Amino acid sequence: MKCQYCGEREATLQYSKQGNGQHIILHFCAPCYEKLISGGVPPEVAVFEKLAKIGKECKVCGTTASEFTSTLFLGCSECYYEMRDIVNKVIYKLQGATTHKGKRPGGEK
Ligand SMILES: [Zn+2]
Ligand SMILES: [Zn+2]
């Protein structure tokens with residue numbers, strides 16, 4: 001796959017970060033990786049800042065792409081839909097966020 005920062009060179013290095021129940025995996029080419037690691041800004045923030053220029057905004061809670069990219073938190077379930085272009089550009093997992101379409105309690109008769 002291509003580097004997620006420059007989008008030009010082939011990604012050869014992987015950066016992953018876990019915390020706050022989230023797991024983010026990013027793929028970079030060597031020059032971008034070096035630049036981002038030494039840049040003082042967390043690589044995931046640098047990538048999200050680039051993506052934030054897409055300028056999406058959640059219609060439900062008003063969370064903007066730039067807010068999302070600075071906090072990495074979605075304001076509501078609708079955010080994921082609104083921000084999916086951004087979210088899909090990185091492998092972004094929210095642990096325990098999988099909702100099961102379970103049976104209704106007391107139903108089934
Ligand atoms: Zn790159
Ligand atoms: Zn929202």
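The H on the amide N of Lys56, modeled in the peptide plane, is under 5 Å from the matching H of Ala65, each at least 5 residues off or on a different chain. For segment 7-18, in order, what is each residue's ³J(HN,Hα) by Karplus, 6.51 cos²θ - 1.76 cosθ + 1.60 with θ = phi - 60°, in whole Hz (x at glycine and Pro)? Residue by residue, segment 7-18 yields x, 10, 7, 6, 6, 10, 10, 10, 10, 10, 9, 10 Hz.
No lab work stands behind these numbers, since they all come straight from the coordinates. All of these numbers come straight from a predicted model, not from anything done at the bench.
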